[in-house]
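Derivation of every value follows stated rules applied to the coordinates shown; laboratory data play no part. Computed from a predicted structure; not experimentally measured. Note that each Cβ is placed from the backbone with ideal geometry, even for glycine, and that neighbours are counted across all protein chains shown.
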Amino acid sequence: MRLSHDNTGDMDRRYKYLIVMVIAFIVIVLARLYFLQVIKGEFYHFFSTENSIKQIKIPAARGMIFDRRGQVLVENRPSFTLTITPQYVVNPKMAFESIENLIGVPREEIESVWAERYKQPKYQPLVVRDDITAEEVATIKSRKNPWYHDGDEFDLRGVDVEIRYRRSYPQGNVATHVLGYVREIDGDRLDKYRKDHPGRYFLGDNIGVRGIEEKWDLDLRGRDGYDQRIINAVGREVDYGGIADQLEYHDAEPGFSVFLTLDRDLQELARDMFGGRTGSAVALDPNTGAVLAMYSAPSYDLNILASPGADEYWKQIASDPRGYLINRAIQGAYPPGSTYKIVTGIAALAEGLVKPDENVRCGGGLHYGGRMYHCWAKGGHGPISYHRSLVHSCDVYYYTMGLRLGPDRLATYANKLGLGKRTGISLADERSGLIPTAAWKERRFGVPWQRGENLSIAVGQGYDLVTPLQNALMISQVVNGGYEIKPHLVEAIYNNEGDPVYRWVPSEDRKKIDIDPEILARAKAALAGVVQEGGTGGRLRAYEVKMGGKTGTAQVVSLESGCFKHECRDHAWFVGFAPLENPEIAAAVVVEHGGFGAAAAAPIVGAILQRYYDIKHNTRSKHPHLAHLYKDVIAEEAEEAKRVEEAKKAEEVKKAEEAKRAEEAEKKEQQAADKLNVEKEVKRASATTKPKPVPKPRVVPVAKRQLIVEQPTVQEAEIQEKKPAQRRRRKSKYHRPRARKLETEE
Amino acid sequence: MQKIFENVNWHFFVVILALISIGLLNLYSAVYYWGEGGSLVLFWSQLVWMIIGLVLMFFVSFIDYRFFSRAATPIYVISIVLLVLSLVIGSEVRGTQGWLKLGFLSLQPAEFAKVAYIIVLARYFANNPSYDGYGFWELWRPLLLMLIPCGLIILQGDLGSSMFLVLIFATVAFFARVKRRTLIAFLVIGVAAVMAIYAFGLKDYQRERITTFMNPEADVRGSGYHLMQSKIAVGSGRVFGKGYLKGNINKLRYLPERHTDFVFPVFAEEWGFAGGFVLLTLYAALLLMALDIARRSKERFGGFLAAGVAMMIFCQLVINLGGVLGLMPLTGVTLPLMSYGGSSVVAVLASLGIVLNISKRRFMF
């Protein structure tokens, strides 16, 4: 390093800049201090000792949730809360009495709330009663004033009404499990959320729990606003000259709107068709994976959870043995029964273990390992090949396939079609179901796989467990041409300016499932046959749109147990799709202990498929399950048609009258024009010099009722002057057959 | 013995001691009222750090400060390494990833990085004199040296300190004289870079912090409300204050960071305008004396180093006081020698030790 001590000279001049900067800043700060402390000192001092700044939270409206067609699933309603604030209550006894006399809240109730007041600062309000009516609000507000005189009947100092939002559902039980609900945040969640998203969550906030409300809470919650006020010790708002502009007011930002892929009409239909039964319905768009319907029965009413009686209701449904809180669409894992034959068939064909036209003999049962495995058709199906085996759900054919495949190969195809693993839908607690392999059984039970078990898993019994969502996914992927899809629930989220902040977009290249598309096409054709060729799903031919699918009846207990109670009845399955060419919707329904799949589950699937088709293509099914939905619409349309008819008739009458009037008007003008003509002829005959042609206004009928008088150009006036025969027959701009007549009259 | 104490700039030393004492006194008041929350632990810990800092200052003032010129690069590298370490294995405190915990000690490498940067910056300007101002191509090296720790600090999430490094670079470069063209060019690039980083380079929560900083009302329970309280606290001190320990800390009880960002309002409330005047005079004295030491130094490196240290303290003063008095947006920059913060205290005292050192050797050349 060079010691350049003779080179400091250049820097000497620079110091003054720094010195100036330092001194300038110090002076500025001193000036500011002088301003704050000397000039406004008294004012701030008064502030700090006697008054307080209160920040009144302005709650943000939570975002609304819509279905795929923009129908409201969840919205907000205002709710009024009666509060009492210890700091501003002067005479508690009188305050309680006043409340009791005015709106009937018992004194004991108020006193028990009042006893809690030491647990929080005095300026924070205590909630006396939630969700009071508008009349009660008016009663309180009209009698509240900040000055109390002896002899006043009511003393409501410290009593106030707060407004906040509550969730409101046009139909409370139609999409319960998917939507989730909203309640006050608990300690654990508060800690976690505060860390992940600083500044968004505070004690006392409402958050979404379960379902969409929880998953998309950040987008739905918006931002609370706040209003700073000065309140003095007696509870009066103080407006010091000039302080108002130092206070801050910030509007609340409402939450964003979430558009789901669900169709509310399908949800309603599912709910109505399930009635009092337990189970679940899931419908997907096989091309995009959009969840068109997801319903789980029994369902509960979200409106009750959003109102003051929530705690009681919650205890009820949480302890009910029917399991209200379970979302059976993703958490209910059932043996798939005969719907699994779809997988077995595809696996056998793909592995080349059977040819499509190869016959297997079904004599009503299969004897294996010392046991008789029955086919549901007691007499058997005779020699049967792939297509018919699926159409008539022959068990023996699939037992045979099961023996040829073994659990591991079968499991591979099941996994390819989406079974045995979570679909990844953005809801919590999805179960993965179970597709057994030999290794799995070894791990789980410590005993090796028995070949006899191949038969039961091939027909969807035994260890197999499938959720309704998985089954819907499976059949979607079979009939959509063999592409992998991922079920999703949210279509788009829009912010308050209407711009999308999230949109589902299909991935650029769709992954193909590793199964020969020809085989999948064969399976699809067989599934079509199940309905159209009088197979086990034949009753669905009654619908207008052509459907395909597969029935399933899953045994809950073994046939020999001799149990006939409801809980021992089989689960009923049906998976279906429509229309046959280019399917637009695929659905899976399971009815717990519903009995036969064809009888219990198929009608629900059929109704859902047809209804979706009707909505999409604007048709109206006449099927008894759906016709009632269109009754009103049809009646309305008839009325409308009648009205249109009558309007048309009136229109025609009017037209006729107008035509008559116009004709008469024309006749009149004809006569007038004739008269003019004669006069002009006379004038021309007596004229000697040819004056410069003065353009004469030409009467042009524009509409039958409106006559416009237009000034023609000089050119046109000259033409008008010429004799008729010399005039070039040129089409003027206003050429009309009638106009020609007028021209010659000049 | 004689030799050790010859040429020591006692006036400077006394000013430093005065500031330290006021800082400790004030900190005691700030933490005194914390019932359930904090306790006097903070006060004692600050005292310990002050003593460590003073000892370090003592030692630093004896080394030949030219050692720093030679050691500039390793010091800089170590500070970068510490920053990287804090990103990787550091712990998160108050939302920033800027702390390294070693046992019961916690270090904030960003503070040391500031000092390290000043040293390398001073060395650069000292060794590369320019007679008509620095152009862009001459400044790219110190700029780069600044961007590395700046970027790391941004990754940590501490926006205030990263802006601070930019500010140090700007003031010292300005001091060293920059060609006018280059000045304008830098301004333009700077604005463009800030906009680009804001739009693309920051994580969401960092962006949220900036909008909160720029617009305090947006942070509902945060800075907007606190700024109001801060002004009330300062203003309510009037001319002579409310008296030591008698500050109406009811207001400030709901104001977090009383021991860091908002120490000045605590002081202003208790000591009023008179107290503020004294404190600011002391700071002014500190800075002007440091600049004077810089000017008297017969040697370029010493001059730049002392000026750099003065600028560092000045910038911290500006940002903290400006924010707290409502003159500019609030950021998390602390008040030197007053705010709680072991690393900051040690770093500042060490750099003041360097200044003392330079002052001692003014007769050496």
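In the distance distribution for region A:51-130, Cα-Cα pairs more than 19 Å apart total 53 percent. Do the alpha carbons of any pairs in A:LYS122/B:LYS231; A:LYS622/A:LYS642; A:LYS215/A:LYS486; A:LYS486/A:LYS511; A:LYS378/A:LYS524 sit beyond 19 Å of each other, and which pairs? Listed pairs above 19 Å: A:LYS122/B:LYS231; A:LYS622/A:LYS642; A:LYS378/A:LYS524. For region A:15-99, applying the loop criterion from DSSP together with a ceiling of 13 other beta carbons within 10 Å to the trypsin sites (Lys or Arg not before Pro) yields A:ARG69. The average projected area of region B:252-330, computed from the convex hull of its Cα atoms over all directions, is 5.9 nm². In chain A, the convex hull through the Cα atoms has an average projected area of 72.8 nm², a quarter of its surface area.
In this structure the amide hydrogen of A:THR83, modeled in the peptide plane, comes within under 5 Å of the amide hydrogens of A:VAL128, A:ASP160, A:VAL161, A:GLU162, none closer than 5 places in sequence on its chain. When each of B:SER79, A:SER426 is scored by the number of other beta-carbon atoms lying within 10 Å, the sequence from fewest to most is A:SER426, B:SER79. Partnerless cysteines in chain A, where a partner means another cysteine C-beta under 4.7 angstrom, comprise A:CYS362, A:CYS375, A:CYS394. Charge dipole (Cα centre; +1 on Lys/Arg Cβ, -1 on Asp/Glu Cβ; no other charges) of chain A amounts to roughly 3780 debye.
Between A:ALA599 and A:ASN582, the simple label model (points 7 Å from Cα in the Cβ direction) yields a spacing of 3.9 nm.
Taking other residues whose beta carbon is less than 13 angstrom from the beta carbon of A:ALA310, and scoring Lys, Arg as +1 and Asp, Glu as -1, yields -2. Cβ-to-Cβ counts within 10 Å put A:VAL258, A:VAL128, A:VAL137 in ascending order as A:VAL137, A:VAL128, A:VAL258, the fewest first.
Other residues within the sphere of radius under 10 Å centred on the Cβ of B:SER161, judged by their own Cβ, net out at -1 (K and R +1, D and E -1). The phi torsions of region A:667-678, fed into the Karplus equation with coefficients 6.51, -1.76 and 1.60 and a -60° offset, translate into couplings of 4, 4, 6, 4, 4, 4, 5, 4, 4, 3, 3, 4 Hz, rounded to whole numbers, with Gly and Pro shown as x.
With each label modelled as a point 7 angstrom along the Cα→C-beta vector, the A:VAL27-A:TYR483 pair spans 7.3 nm. Under 16 Å from the 7 Å Cα→Cβ point of B:LYS179, by amide nitrogen: which residues of region B:116-133? Output list for this probe position: B:129-133.
Close amide-amide hydrogen proximity is noted between A:CYS362 and A:HIS381, A:GLY382, A:ILE384, each under 5 Å apart and 5 or more residues distant or on a separate chain (H modeled in the peptide plane; Pro and chain starts excluded).
Footprinting exposure proxy ranking of A:GLU679, A:GLU351, fewest other C-beta atoms within 10 angstrom first, gives A:GLU679, A:GLU351.
Note on A:LYS631 and B:SER21: the model spin-label points, each 7 Å out from Cα along the C-beta direction, lie 9.6 nm apart.
So if we plug the beta-carbon distance of A:GLN316 and A:ARG69 into 1/(1 + (r/R0)^6) with R0 = 22 Å, what FRET efficiency do we get, rounded to 0.05? Calculated transfer efficiency: 0.10.
Please give the FRET efficiency for B:TYR244 paired with A:LYS195, using the beta carbon to beta carbon distance and R0 = 35 Å, rounded to the nearest 0.05. Efficiency, rounded to the nearest 0.05: 0.40.
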